[in-house]
Amino acid sequence: MVVINLSGSSSPTDDDMHVGVRDEEAVVPRGRPSRTVDRLSPTNLQMRGHQRVPSGSREFKELTKRDAQTQLAHELEGLLTTTVDDETKRSVEQEFQGFQRLFERFLLDKDSTINWERIQKLPENAVRDHSTLKEPASEQVHAMLNKLVVVKLNGGLGTSMGCHGPKSVIPVRSELTFLDLTVQQIEYLNKKYQVDVPLVLMNSFNTDADTQKIVRKYRGLQVKIYTFNQSCYPRINKESLMPIARNCDVESDIDAWYPPGHGDFYESFKNSGLLKKFIEEGREYVFISNIDNLGATVDLSIADLLLNTDEKSPEFVMEVTDKTRADVKGGTLIQYENKLRLLEIAQVPKEHVEDFKSVKTFKFFNTNNLWVKLSAIDRVLSENSMNIEIIVNNKSLDNGLNVIQLETAVGAAMKSFDGGLGINVPRRRFLPVKKTSDLLLVMSNLYSLQNGSLVMNPERMFFTTPLVKLGDNHFAKVKEFLSRFANIPNIIELDHLTVSGDVTFGRGVVLKGTVIIIANHGDRIDIPSGAVLENKIVSGNLRILDH
């Protein structure tokens, strides 16, 4: 039974959450109208983004917070009774405890907005340049890699790009998927250096079943693949602040549940038993990255910095890269309260948002490639000192119900660890595929494929990637995107491409410099095979373009 201990201090801590037995009269049976719902309305609670309680009512606010926590415990207790067996109940109970802790921190309403004046200048050695790192000696690589675990965050679906199932199974290059390329990379390392680097996939309830079927095809390869699921939390009704789920059968009402962001990695990794397993095997660091970042390969120079040193190595390393105008919303590193930490745009006071976006003020942004010490993860979780800002994600369901999701980001845990470090890496380590415009880049002749890794074409004069913008109405979905290209254009010398409207490309098209192609509503533009467009603006209704 999951409860919250409400005795003691007026601001319950994580230690107040435990498994025990409550007075039977305190348990509200499922289906019974709650007597505290009216008092739990957001207009009465001091919440992020909600109306505040009049000043001088601290005691009232504390009472309503306790009511919300008590009512949530009752609701979750009711949900637990719908589990099908004891094993499932234990697993769900463990997840609900994590959800209660997250909900409690949400209620405490600690403003995540930072005090802009208290941001300190980054210390001289806070961010190291990747070019200053040395390559490890060949005889060191074997022992070094056997201390490493690779984790890919694999919880996302491909729905935003018009695909069904996990995003990791979208073909991105030579009919190979994100997952195919990742497995190739790890197998290449294991074969070349005669090591046993494990690949771990953190799935969500959205991606787990499909992923389990797909990984079977890799059984004959020289790579051990482990999977575990991040938590599955109930969505909260924005008005009542109570879970909308009516039972624990997620498949029967999938809209009532959500995966709480990749910040859930730490607890779920430990709960899976994998953290303990890898520590007992003598492994020391985990390299975490998004499955859709094709640049996030194992970097031997960074691994050498962490694993081949007599000095105390940092517990948490974040790869950052130089910010461009396309990256102004990305999180950045700051020194705050004498600790290195991640600053996201949601934490920035409104009057300083433009300062945050400035390339001059904040030169780097977070790639979400992280290297974290396994023993430090175990220590921080055991001490219950993990401190990650809550992201409140507002959503409206198809039935019109407004809900909120409480989420966290994996990089925000940086401030909970000792000896944080940023490493400014080349842009080639940040090749995410979020949209079809990114897909055009990675499918093009800008890159070649070597052992599962994308390598920039040496004919490219600049190491920066072109800025590509494709119109959502005609290019957003992968199937439609592919139908508009007889083959992907030559973009070796491309700087900027904007395409909007009903536009198609023939074979062997070459794009150079800045190219803008705009087909107005009702018009169509066909770029014929062999066309060379250099610093061109094309608009109107052109079915044949002279070249």
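The values are calculated or read from the model by the stated rules, or taken from the named source; none is laboratory data. No experiment lies behind these values; they were computed from the predicted model shown. Cβ coordinates were reconstructed from backbone atoms using ideal geometry, including for glycine residues, and neighbour counts include every protein chain displayed. In case anyone asks, the SASA skips ligands and DNA or RNA and just uses the protein heavy atoms, side chains included. Shrake-Rupley method; radii C 1.70, N 1.55, O 1.52, S 1.80 Å.
Quick notes
- Potential extension, residue 401-residue 486 segment - 0.36 nm per residue separation minus Cα distance: 26.3 nm
- Förster radius 56 Å - calculated FRET efficiency between residue 90 and residue 496 (Cβ-Cβ, nearest 0.05): 0.55
- In this structure the amide hydrogen of residue 505, modeled in the peptide plane, comes within under 5 Å of the amide hydrogens of 485, 486, 527, none closer than 5 places in sequence on its chain.
- Taking the range 186-329 and dividing mean pair separation by its residue count, relative contact order in percent (alpha carbons under 8 Å, at least six apart): 16
- Our note on the geometry: Cα centres of the range 159-229 and the range 492-521, 33 Å apart.
- Projecting the Cα atoms of 488, 120, 540 onto the dipole axis of the chain, where Lys and Arg carry +1 and Asp and Glu carry -1 at the beta carbon, places 540 farthest toward the positive end.
- Part-to-part distance (alpha-carbon centres) for the range 414-431 and the range 323-378, which is given in Å: 10
- Inter-label distance, nm, simple model (7 Å from Cα along the C-beta direction), residue 249/residue 139: 6.4
- Expressed as a fraction of 2.2 N^0.38 Å, the C-alpha radius of gyration for the range 426-496 is 1.10.
- Modelled this way, with points 7 Å down the Cα-to-C-beta line, the labels at residue 445 and residue 459 are 0.4 nm from one another.
- Computed over the chain, Kirkwood Rh from alpha-carbon pairs, angstrom: 25.7
- Exceeding the 25 Å Cα-Cα cut-off - candidates 469/536; 147/329; 350/395; 89/167: 147/329; 89/167
- The mean of 1/r over all pairs of different alpha-carbon atoms in the range 436-539, once inverted, gives a Kirkwood hydrodynamic radius of 13.9 Å.
- From phi via Karplus (6.51, -1.76, 1.60), per-residue ³J(HN,Hα) for the range 466-475 in Hz, x at Gly/Pro: x, 8, 10, 10, 10, x, 5, 5, 10, 10
- Cα-derived Rg to Rh of the range 200-292, Kirkwood definition: 1.04
- Under-5 Å amide H pairs with residue 226, H placed in peptide plane, nonlocal only: 199, 200, 201
- The phi-based Karplus calculation (6.51 cos²θ - 1.76 cosθ + 1.60; θ = phi - 60°) puts the 3J(HN,Hα) values of the range 326-331 at 7, 10, 5, 8, x, x Hz, whole numbers, x for Gly and Pro.
- In order along the range 449-454, the Karplus-derived 3J(HN,Hα) couplings, from 6.51 cos²θ - 1.76 cosθ + 1.60 at θ = phi - 60°, round to 9, 9, 6, x, 10, 8 Hz, and Gly and Pro are given as x.
- Each Cα pair under 8 Å and six or more residues apart adds its sequence gap; the mean of these over the residue count of the chain is a relative contact order of 13 percent.
- Coordinate range along principal axes, alpha carbons of the range 116-429, Å, largest first: 60, 55, 42
- Solvent-accessible area per residue for the chain (1.4 angstrom probe, square angstrom): 47
- Dipole-positive endmost among 287, 247, 302 within the range 233-309 (Cβ charges, Cα centre): 247
- Nonlocal amide H pairs with residue 494, under 5 Å, H built at 1.01 Å: 513
- Working from Cα pairs under 8 Å separated by at least six residues, relative contact order for the range 436-539 is 22 percent.
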